[in-house]
Amino acid sequence: MPTGDFKSSRARAPASAARFTNTHWSIVWSATDRRNPSQAKEALEKLCRVYWPPLYAFVRHQGENPHDAQDLTQSFFERLLEKDYLQSVNREKGRFRSFLLASLKHFLSNERDKARAQKRGGGHVTIPLDFQSAETHYTVELVEQLTPEIIFERRWAMALLDQTMMRLREDYTVRGKGVLFDVLKGTLTEARGSIPYSALTIRLGLSEAAVKMAVHRLRQRYREVLRAEVAETVASPGEVDDELRQVLRVLSG
């Protein structure tokens, strides 16, 4: 699990407030605005591509077989992308993950039979979902005998970290430092005392002092990107620190 002292990042919270005009939550509800439906739908589709694994895991842990779980997940996204369906779901204050889970439960209780009757691949959703990868995770989680809600939260946290790493790599690549990121990314998951700086200096052709500085900057940037990603999943800046703690708690549990 990526490590880092998130306490030091709290001082930057006010600067992140401006981001809340374009959070995941606001994007979801802008999809009900008929003035710019195509832009809202495109944004929501992107969110679905990132955050569908926790939803599939929840459906799977409800006892559904892989085929039915795939059908239900795809059908849920089809309904979620329909503005009328979004308007019919009671808004959950706070976290985007709470909204998604509440929406999924609403869908499962009211639309399960209809979703199962639909032929696989017969829907209108064009979001590519890697169900094989999700099924591999399900097999591992099944052994742990955790509740569907806990599995959902764990997969949600993992999706946040995956998205953070993707954005971080894009950030480094744009600045011409993609190779540096690929070499140092392992330092985000290792304890400080176990980092083989000598091996890194050889691979990068840098001094040990330069490598240590690069690692420090990578970790600092990781904390910033993770915080920004979490900020996009809550309704207000005041909830960011609590959500960060929740992510770390779930992953360490």
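Which one is farthest from Ser38 (Cα to Cα) among residues in segment 50-76 that are assigned to a loop (DSSP other than H, G, I, E, B) and without any contact (Cβ under 8 Å) to a residue 60 or more places away in the chain? Ranking the candidates gives Gly63 first. Residues of segment 61-72 that are more than 14 Å from Arg154 (Cα to Cα) and in contact with a helix residue (DSSP H, G or I) (Cβ under 7 Å, 6 or more places away or on another chain): Gln62, Glu64, Pro66, Asp68, Ala69, Gln70, Asp71, Leu72. Considering each residue of segment 217-229 in turn, none proves to be assigned to a loop (DSSP other than H, G, I, E, B) and hydrophobic (A, V, I, L, M, F, W, C). Looking across segment 201-231, just one residue is farther than 13 Å from Arg95 by Cβ and touching a Lys or Arg at 6+ places or on another chain (Cβ under 6 Å), and that is Val225.
The residues on offer are Val234, Val247, and the sole one that is among the aliphatic types (A, V, I, L, M) and touching a Lys or Arg at 6+ places or on another chain (Cβ under 7 Å) is Val234. Filter segment 183-214 down to the residues that are touching a helix residue (DSSP H, G or I) at 6+ places or on another chain (Cβ under 8 Å) and within 22 Å of Met158 (Cα to Cα) and list them by number. Passing the criteria: Val183, Leu184, Lys185, Thr187, Leu188.
Could you grab the pairs with beta carbons closer than 7 Å, sequence gap of 6+ or different chains, first residue in segment 188-212 and over 23 Å from Glu224 (Cα atoms) and of a type in the set (Asp, Glu), second one at pLDDT 90 or above and not in a loop (DSSP other than H, G, I, E, B)? Here the result reads Glu208/Thr201, each pair linking segment 188-212 to a residue that is at pLDDT 90 or above and not in a loop (DSSP other than H, G, I, E, B).
The values are calculated or read from the model by the stated rules, or taken from the named source; none is laboratory data. Every value quoted in this text rests on a predicted model; they were computed, and no experiment measured them. When we count neighbours, we look across all protein chains shown, and the Cβ atoms used for this are built from the backbone with ideal geometry, even at glycine.
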